[in-house]
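The values are calculated or read from the model by the stated rules, or taken from the named source; none is laboratory data. Keep in mind that this is a model prediction, so the values were computed, not measured. In this analysis, Cβ positions are derived from the backbone assuming ideal geometry, glycine residues included, and neighbour counts consider all displayed protein chains. Please note that ligands, DNA and RNA were not included when accessible areas were found on the heavy atoms of the full protein model with its side chains. Shrake-Rupley method; radii C 1.70, N 1.55, O 1.52, S 1.80 Å.
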Amino acid sequence: MTDISRIDPVIPDRPTVDGLDEVWVTRWERDGVYRFDRTRPRAEVYSIDTPPPTVSGSLHVGHVFSYTHTDVVARYQRMCGKAVFYPMGWDDNGLPTERRVQNHFGVRCDPSLPYDPGFEPPPGKRAAKDQLPVSRRNFIELCERLTAEDERVFEELWRRLGLSVDWSHGYQTIDAAARRASQRAFLRNLARGEAYLAEAPTLWDVTFRTAVAQAELDDRERPGAYHDLVFTRADGEPLLIATTRPELLPACVAVVVHPDDARYAALVGTTVRTPLFGVDVPVVAHRLADPEKGTGAAMICTFGDTTDVTWWRELALPTRPVVGRDGRLLRDVPPWLDDSVGRAAYEQLAGATVHTARERVAELLREAGGLVGEPRPITHAVKFYEKGDRPLEIVTTRQWYIRNGGRDEALREALLERGRELQWHPEHMRVRYENWVGGLNGDWLISRQRFFGVPIPLWYPLDDAGSPVHDAPIIPAEGDLPVDPSSDAPPGYAEAQRGVPGGFTGDPDVMDTWATSSLTPQIAGGWEADDDLFARVFPMDLRPQAHEIIRTWLFASVVRAHLEHGVLPWRHAAISGWILDPDRKKMSKSAGNVVTPLDLLEQYGSDGVRYWAASGRPGADTAFDPGQMKIGRRLAMKILNVSRFVLGLGPVADGAEATAPLDRAMLAALDHTVAAATRALDDYDHTRALEVAERFFWDFCDDYVELVKARAYGDSGDDAGAASARAALRRALSVQLRLFAPFLPFVTEEVWSWWRDGSVHLAPWPAAEGVVRAEAELFSTASALIGAVRKAKTEAQLSLRTDVARAVARVRPADVTAAGELLDDVRAAGRVAVLDVEPDADADVVTVTLT
């Protein structure tokens, strides 16, 4: 095993980890160390579908955690000889950005207002109720301004963390290229019949005034109350029905019971009258009715929850909505309320919020004798938009959908097979994917009633009455993309025809942010914009991401690639866990428990923070632990100091070999460490690779370096022994710097620069040579011997530097010969004049006795 250095070492007098990030970030960029070589064939490329962070404020330590994992993979693959395509995108469209812009500038979007080219946001903070209305175009300009500022801050932090990104390959999920790709993919979905427009019950966030997809739901425990309502049967007898949503009584379209519930069998097929509003509704049977819930009979309203939607669809019931998109009861009395008492009752609810209407209905029922007893408090799960703070409603709206297997068993099975084809790290995360796909109950709703997003690229002709003809959309040519139907006229029309009978109107909606993010492999890879690049990087090798968005980002990306390309978008998925606060709760901006990383990077250094991140196992939730960062900083300092010792021993002849038994044993043990670390990284287990490298490093420093120090200095007069020790030390240093390089890029690059040209991050990953285990075990014997000498001195209350005249080491008979080969180094390191070795058949461990 030889090692050749090409320059004489230039070693600082007082090496330190402080400031290394600033030095090396600049040099890496200057030298193009991480620049993607696009001349390499696909077989020699490793491409990464880097998660584009949401640009809506600041990065937190959870981002540092997961992005470090990805960077370890990128650095390892680069050292293995691959041309690494490692771009960085910014997810800057959607609700988080809109909310941040509203709060930051004190404005809100009003699409009815004209554009003001000279608009500047008002100074100072404004309460939500005082936000200044601005046009859609002005609002989008403010979004672009703020996200550009955030992106610069994000990039600076990523560079300081040491992400080996090629910053020349960047994108935004709202830039022209992303809009073009998103709109092209949508139009092709439409042409193949995979995208469709439907008017149907939709989960609706009343705060953001937008539709919400199944993947964006969050069940939260909230207080509620059962109200026992008295319906009236045809024979005049009462029928008791319990509900938590009495405000939806005017939207009741039926009463449902289980088909096997004998209590109500005679009522099925008859009608009952609703209390207060006096509407006759049918009694129907359905398997989803729960005989054990409430009274066993439930009212079906349009719509209180998703079960109502199922009953409505499968039982072909009428639609009688009373809740509007603003979360208030409709102001006009519904036409199906033809009873004067019922109409008068509704007038007291018109325009009220759902909460207020609930209280008013309960009071009206109480006065009319339609409520039995008092409401019974409960706690139950209520559906929220994951970014919202008010319960969702279900309203009937016209929305765009993409087929995702929720209503197509053949497509569902094809997407499940894609999940089985994908290599998951860790493997058990595949179950989350399968559970999600198997539980889908509808197609993917992709349209959103928001502003800062990729527009649905369609217009609709207006008939003679000025109404849109939705089943005959006007479709742009792909060469005209991207388009904004709110400001661009469609082909064949003039802007003056917008909104007039016989003219056109643009689709008012934008795409869900996941509809764009699901195309990140295509956007980053230059799909149909740079065919040469796309052929070299797609399908990509790796999708790194967190486990909670398997159901959204990962699944949606699989859907889009399957429909458009007939392949998986990547071969591997590496899943990270959450960062937990001291109370074992997930760190998140919404929870208000995040820690921003800048102070941590300054206190512990980038390598120290990366060490903590890399210590988190793949897929596992990890506690925020500054103590681990301290350990990482100490490790980086130790690398500097031991390197200074090794390189300060003097020149080593090119091609010098390690010949002494202990030196060869140490290198053999290092060879096994390389093999173990390589297996771990090939299996995407960065934590295991770091563990084995660090374990050997401390044995190397604490045992080997101390054992050979005297010999390496030449104190014994053994020139051959000194040359062997120095050659072994240099070889071990070279290998260990490369083992640590993916994890601690700054300190390893710093030491590499002392004695090597080029970058350690472009150096070849060390190759295991397959040294026999017996030779490596000799190093363990040496460690055990010097450890036993130290223990004996400690027990005798002697300083480790105290000279000892004689000691006896007792070892297993099989280890006597090996121990004998190590005596000179052990005597010198242990400061023992005479060290005898005696066999002991009962010795489980090496023991030393001072005499």
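Side notes on the structure shown:
- Residue 684 meets each of the listed conditions (1) at pLDDT 95 or above; (2) surrounded by fewer than 23 Cβ atoms within 10 Å (Cβ to Cβ) apart from (2).
- Filter result for the condition that a residue is of a type outside the set (Lys, Arg) and closer than 20 Å to residue 72 by Cα, over 668, 653, 636, 658: 636
- Selection count where residues are part of a helix (DSSP H, G or I), of a type in the set (A, V, I, L, M, F, W, C) and more than 19 Å from residue 703 (Cα to Cα), scope the stretch 803-831: 2
- Residue in the stretch 330-341 that is closer than 24 Å to residue 242 by Cβ, β-branched (Val, Ile, Thr) and in contact with a strand residue (DSSP E or B) (Cβ under 9 Å, 6 or more places away or on another chain) present: no
- Residue match in the stretch 296-303 (condition: open to solvent by 60 Å² or more (accessible area, probe 1.4 Å) and either in contact with a Ser or Thr (Cβ under 7 Å, 6 or more places away or on another chain) or not β-branched (Val, Ile, Thr) (or both)): no
- Looking across the stretch 608-641, the residues that are open to solvent by 10 Å² or more (accessible area, probe 1.4 Å), in a helix (DSSP H, G or I) and over 22 Å from residue 682 (Cα atoms) come down to 626, 627, 628, 630, 631, 633, 634, 637, 638, 641.
- Any chance residue 95 is out of contact with any Gly (no Cβ under 8 Å at 6 or more places or on another chain) and among the aliphatic types (A, V, I, L, M): yes
- Top-ranked residue of the stretch 113-162 - restricted to ones that are among the basic types (Lys, Arg) and part of a helix (DSSP H, G or I), ranked as most open to solvent (accessible area, probe 1.4 Å): 129
- Qualifying positions in the stretch 751-802 - among the small types (Gly, Ala, Ser), part of a helix (DSSP H, G or I), open to solvent by 60 Å² or more (accessible area, probe 1.4 Å) and closer than 18 Å to residue 732 by Cβ: 780
- Single residue of the stretch 711-750 satisfying the filter (free of Cβ contacts under 8 Å to residues at least 60 places away in the same chain and not in a helix (DSSP H, G or I)) that is farthest from the chain's Cα centre (by Cα): 717
- Residue within the stretch 592-603 that is modelled with pLDDT of 95 or more, surrounded by fewer than 23 Cβ atoms within 10 Å (Cβ to Cβ) and under 17 Å from the mean Cα position of the chain (by Cα) present: no
- In the stretch 471-512, the qualifying residues are those that are more than 18 Å from residue 174 (Cβ to Cβ) and hydroxyl-bearing (Ser, Thr, Tyr), and the one that is most open to solvent (accessible area, probe 1.4 Å) is 493.
- Filter result for residue 674 (without any contact (Cβ under 8 Å) to a residue 40 or more places away in the chain and in a helix (DSSP H, G or I)): no
- Residues located in the stretch 239-273, provided they are closer than 18 Å to residue 361 by Cβ, open to solvent by 10 Å² or more (accessible area, probe 1.4 Å) and not aliphatic (A, V, I, L, M): 243, 244, 245, 273
- Among the residues making up the stretch 343-356, those that are under 11 Å from residue 330 (Cα atoms), open to solvent by less than 30 Å² (accessible area, probe 1.4 Å) and in contact (Cβ under 8 Å) with a residue 24 or more places away in the chain are 346, 349, 352, 354.
- Odd one out for residue 552, checked against (1) in contact with a Phe, Trp or Tyr (Cβ under 8 Å, 6 or more places away or on another chain); (2) touching a residue at least 40 places away in the same chain (Cβ under 8 Å); (3) not in a helix (DSSP H, G or I): (3)
- Selection status of residue 287, free of Cβ contacts under 8 Å to residues at least 60 places away in the same chain, surrounded by 14 or more Cβ atoms within 10 Å (Cβ to Cβ) and among the basic types (Lys, Arg): no
- Filter pass, residue 541 being in contact (Cβ under 8 Å) with a residue 12 or more places away in the chain and open to solvent by less than 40 Å² (accessible area, probe 1.4 Å): yes
- Residues (part of a helix (DSSP H, G or I), open to solvent by less than 20 Å² (accessible area, probe 1.4 Å) and touching a strand residue (DSSP E or B) at 6+ places or on another chain (Cβ under 9 Å)) located in the stretch 24-47: none
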